[in-house]
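Only the coordinates and a few stated rules stand behind these numbers; no lab work does. What you are looking at is a predicted structure, and each value in this text was computed from that prediction instead of being measured. Note: ideal-geometry Cβ built from the backbone for every residue, glycine included; neighbour counts use all protein chains shown.
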Number of protein chains: 2
Amino acid sequence: MILHDFLPSGNGYKIRLMLRFLGQEFSLTEYDITKGETRTDDFLNRINPVGRIPALEFEDGHVLVESNSVLLFLAEGTPWLPSDKWQRAAVTQWLFFEQYEHEPTVAVLRSWLSVKGMPDYGKALLPIKQAGAKNALGVMENRLKDHDWLVGDCCSIADIALYAYTHVADEAGIDMSVYPGITRWVARFATLPDYVPITWKP
Amino acid sequence: MILHDFLPSGNGYKIRLMLRFLGQEFSLTEYDITKGETRTDDFLNRINPVGRIPALEFEDGHVLVESNSVLLFLAEGTPWLPSDKWQRAAVTQWLFFEQYEHEPTVAVLRSWLSVKGMPDYGKALLPIKQAGAKNALGVMENRLKDHDWLVGDCCSIADIALYAYTHVADEAGIDMSVYPGITRWVARFATLPDYVPITWKP
């Protein structure tokens, strides 16, 4: 398998973590998204018409995109995705929460402040994004203040998806000391067998 | 079942359509999101800590939120969600695309122009949102120009999720005449058995 990716991306890191946890070998093809390398005609036609990484290319030619969709695909039939229908619903609920409430606030702030730089329209939006990030982290804290993991008693792809940008939320200018439940969960996650940091590549 | 909902919401409409297509009875409890009725302590504690509709409450007390997660839950084991693993991946791919690329552009523009009104920070963002909507609709058109449905040969929850806000994209100020594939698909969708318009309630 080839993972088309950009190393600082939390969305890409989700897939790197999942493949590593599952013991699946893969190679990395890197793109610099700050230089528009995923908006070329070749990338749009061959890899992802939406122009985004990560994209996971299989030997038979299938290409899967949308990081949380890829997590669901890879985790099916493994302990990373529960079989109980209510727990599955809780997992997908966190996955959509991540893409709607968390990534567009925490990850976008991190991109503006630490990866791609602030766009022209960013300054006016800063308080909106900061309030959104606070809301999203508040919802996570509410769960993690008295639970080890986001769903049930085990680490699932919900935790992988939310960990990706939460553990680097300081790079988004967010003071994480006010979220003790999240802080414990971030430390707990990093003790998982085969854990690798966001800078790791195969 | 009780669906906690706001009638103009496309996210709510997805669940109304799904329940109707599946022949499942439910009642509606309506909230006016323009008046903050989903941000009360009771709603946040009892229904959804994220403060959003739709939320589907079951007789046994379970409450499911995140519209596309609820679609996955309801469609499991029905023809609305394929069993083939690659088709399932294509379905969830469209569901995440909808919440990340389409809803935050098409639905937000519709909300600003036709539902809740334009917020202070909206004007500066208008060209960004319009460009995002154009990109998202372009990706849909690229599929629908020569296919009847978004995944495989059948209507799936991917179509339900994308139909909800696409069929009212004119209310977002978008000229849909430049998307003939989408326009045919919108007309095709409305011929499905048991189809009901967004204004319908049980």
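Worth a mention:
- Between A:K123 and B:W86, the distance separating the two model label sites (each 7 Å from Cα on the Cα→Cβ line) works out to 5.0 nm.
- Here the protein assembly as shown is described by how far its Cα atoms reach on the three principal axes: 50, 49, 45 Å, from widest to narrowest.
- Local electrostatic count at A:R88 - Lys and Arg +1, Asp and Glu -1, tallied over other residues with Cβ under 14 Å: -2
- Dividing the helix sum by the residues of the protein assembly as shown, where each DSSP H run of 4 or more adds -39500 (n - 2.57), gives a mean residue ellipticity at 222 nm of -12500 deg cm²/dmol.
- Cα-based shape type of region B:107-148, given that a ≥ b ≥ c are square roots of the gyration tensor eigenvalues and the cut on a/c is 1.5: oblate
- Using a simple spin-label model with pseudo-atoms 7 Å out from Cα toward Cβ, A:D146 and B:L44 lie 1.7 nm apart.
- Square roots of 5 times each gyration tensor eigenvalue, C-alpha, region B:58-114, largest first, Å: 24, 19, 8
- Contact order normalised by residue count of chain A, Cα under 8 Å, 6+ apart, percent: 26
- Sorted from greatest to least, the principal axis extents spanned by the alpha carbons of region B:85-189 come out as 44, 27, 20 Å.
- DSSP beta bridge pairing in the protein assembly as shown, given as percent antiparallel to the nearest 5: 60
- Cα gyration tensor shape of region B:1-40, rounded if a/c is under 1.5, else prolate or oblate by comparing a/b with b/c: prolate
- Along chain A, longest interval not containing exposed GluC sites (Glu not before Pro), exposed being DSSP loop plus at most 12 other Cβ atoms within 10 Å: A:60-202
- Cα-based shape type of region A:1-128, given that a ≥ b ≥ c are square roots of the gyration tensor eigenvalues and the cut on a/c is 1.5: oblate
- Exceeding the 31 Å Cα-Cα cut-off - candidates B:K35/B:K129; A:K14/A:K116; B:K116/B:K145; B:K14/B:K129; A:K14/B:K201: B:K116/B:K145; A:K14/B:K201
- Other residues with beta-carbon under 14 Å from the beta-carbon of B:I182 carry, at +1 per Lys or Arg and -1 per Asp or Glu, a net charge of -2.
- Euclidean distance between Cα centres, region A:1-67 to region B:87-109, Å: 18
- Cβ-defined net charge surrounding B:M1, 13 Å radius [Lys, Arg +1; Asp, Glu -1]: -3
- Estimated FRET transfer efficiency when R0 is 30 angstrom, pair B:S114-A:K134 (beta carbons, to 0.05): 0.55
- Site pair A:F26 and B:A187 shows an inter-label distance of 4.2 nm when each label is modelled 7 Å from Cα along Cα→Cβ.
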